[in-house]
Structures are given as structure tokens and as C-alpha cells.
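Chemist: Dropping the structure in here first, questions after.
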Amino acid sequence: MEPRFWIDKWKKQETGFHLASAHPLLRKYFPKVFANQTSVFLPLCGKTQDLIFCSDQGLAVIGNELSEVAIEQFFLANQLAPKTEVSQNFILREANNIAIYQGDFFELEKRTFENTQAIYDRAALVALPVEMRKSYAEKMKQLFPQATMLLITLEYNQREMSGPPFSVTQDEVNSLFDFANIELLYKQNIIDKEPKFKARGLSFFNECAYHIQWKQ
Ligand SMILES: C[S@@+](CC[C@H](N)C(=O)[O-])C[C@H]1O[C@@H](n2cnc3c(N)ncnc32)[C@H](O)[C@@H]1O
């Protein structure tokens, strides 16, 4: 997926993935996955309310998103007036304990995450085509010497629909994060709650959550 694809989606406001409030699986598994953490990273964050949820739990929050439209809508919707700092590859906007780096995930630098060992991924890995998912996991490993991660994925028959969102199987998660211990926390077929995807021909649509902990 080229950056232009997502920039255009935001311009046209084709953002069916956006949820009005924090994700139920983040609420459910936050205490287990993020106990004792002081800071959390949300890659490919869009304008998610999950940023607010994590901030409300007392964590410093670092987001990353390509689209300026998404980031501006996030701060506006939450009545936050960010201060802005421009660097070579990113525009950083910060308000309270939420910092969002506008730019390409693959350009992020390790020093940004010196005080962060927690990652929350909802609709980030599944937004990427298969060849980019490998680079995504490698980049995470490079950015974080240690981490605890809550990963939410989707599984469906990829022959029944083209992504995004893409189907990411448990086998693929195991292979992508072979440097970590992986626990499947949750798997549920939600096709009956997703009429849009049912109408696109999906016979099943599993939502999954994993707790991924880098090996020591
Ligand atoms: C499916 S949306 C999910 C957004 C958010 N995580 C949520 O749950 O609402 C994927 C987001 O990733 C952003 N994105 C895609 N590729 C990116 C990249 N290389 N670097 C940063 N953001 C990217 C898109 O602009 C889009 O907002």
C-alpha cells in the first residue's frame, strides 16, 4: 500500500475502520498487557480514541500516522491544542501526554522510544500487504530492544475479499514475531456483527488478540 492510498482515503473520509470509542479488547486486556508501563506506542494510529484511553490510564502516548488530516481531526475532536515541531522526516504534534509523529512508520528512529516498552496495534499490521508485514515486524524489533505488545488482528478467507484489512493468520503472527513469546488471548467470529463484510462475501471474520512479549 503506497502512502498515497491512505492519504487519499483520509481526504475522502473513507475511514470505515474508525471507531467512535476505545476498542473493547484494549479495555479488556490493558491491565494484563500494560501493567507497570509508563509509555505506549500506537503505530498507524489514525485518529483513534485508543490514544485518549491510554492517556487516561496515565501513560505517555506516542502515536504515528501518515495523514495530516487524521491527526488534525484527532486533536480537534478532543479539544486539544497541540504544539508543533518540524524535523526532517516528521511533524511532531504534542498536547498533554499525547505525541503524534506525522510521517512514515518505516522512517521512525529508535531514540524516539528510549522510554517506551509497550506497543498497541489495532488495524496497523492488518492494514499492510503481506510483504510489508514482514518489514513491519522487523522494524518493531529494531525500534524496541524490549517490548510487551497487544496486537489485534483479523482472519478471513483472503480469496473471498481483497484487503485492506488483510487477513493475518495465527501462523503468520508466530512467524513474524518469532523473536517473541506469543499468547493468543482471544479469538471470535464476528461476521454476524459485521454486515458490511458479510455483504462483501466473507463466510467468517475472526477477530483475534495476542499478547506478544519480546524474549529476554
Ligand atoms: C486501518 S487504519 C487504522 C487506524 C487506527 N489504528 C484505528 O484503529 O483506527 C490504518 C492507518 O495507518 C496509516 N498508515 C498506513 N501506512 C502508514 C505508514 N507507513 N506510516 C504511518 N501510518 C500509516 C493510514 O493512514 C491509516 O490511518
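Read the figures in this text as sums done on the coordinates, not as results from a lab. Every value quoted in this text rests on a predicted model; they were computed, and no experiment measured them. With ideal geometry, Cβ positions are generated from the backbone for all residues, glycine too; neighbour counts draw on all protein chains shown.
Chemist: How high is the relative contact order of the chain? Use alpha-carbon pairs under 8 Å, at least six apart in sequence, and give a whole percent.
Modeler: 17
Chemist: Between ARG4 and LYS32, what length in nm is gained on full extension when 0.36 nm per residue of separation is reduced by their alpha carbon distance?
Modeler: 6.4 nm
Chemist: So, one more: Using +1 on the beta carbon of Lys and Arg, -1 on that of Asp and Glu, and nothing else charged, what's the dipole of segment 108-216 about the Cα centre, debye to 20?
Modeler: In total the dipole reaches around 200 debye.
Chemist: Same structure again: Order by neighbour count: CYS45, CYS208, fewest other Cβ atoms within 10 Å first, most last.
Modeler: The fewest-first ordering by Cβ neighbours comes to CYS208, CYS45.
Chemist: Based on the Kirkwood radius over alpha-carbon pairs, what value in µm²/s does the Stokes-Einstein equation return for the translational diffusion coefficient of segment 13-71 at 10 °C and 1.306 mPa s?
Modeler: 131
Chemist: Per the Kirkwood treatment, what hydrodynamic radius in Å, one decimal, follows for segment 56-154 from the mean inverse distance over all distinct Cα pairs?
Modeler: Evaluated over segment 56-154, this radius sits at 14.5 Å.
Chemist: DSSP loop trypsin sites (Lys or Arg not before Pro) in segment 152-195 with at most 10 other Cβ atoms within 10 Å of their Cβ, which ones?
Modeler: Loop-located and lightly packed - ARG159.
Chemist: Label points 7 Å out from Cα along the Cβ direction at LYS83 and GLN188: separation in nm?
Modeler: It works out to 4.3 nm between the two label points.
Chemist: Moving to a separate point now. Under a no-solvent Debye model with one identical scatterer per Cα of segment 100-207, what's log10 I(q)/I(0) at q = 0.09, 0.13 Å⁻¹?
Modeler: -0.26, -0.54
Chemist: Whole number please: convex hull volume per residue of the Cα set in the chain, in Å³?
Modeler: 120
Chemist: Post the alpha-carbon centroid distance, segment 1-72 to segment 153-214, in whole angstrom.
Modeler: 18
Chemist: Further question on the same structure: With unit charges on the beta carbon (Lys/Arg positive, Asp/Glu negative), name the residue among LEU92, ASN78, ALA60 whose Cα is farthest towards the positive pole of the charge dipole of segment 57-135.
Modeler: Ranked along the dipole, the leading option is ALA60.
Chemist: Something else: List the chymotrypsin sites (Phe, Trp or Tyr not before Pro) in segment 138-216 that DSSP assigns to loop (not H, G, I, E or B) and whose Cβ has at most 15 other Cβ atoms within 10 Å. Which are they?
Modeler: Hits after loop and neighbour filter: PHE179, PHE204.
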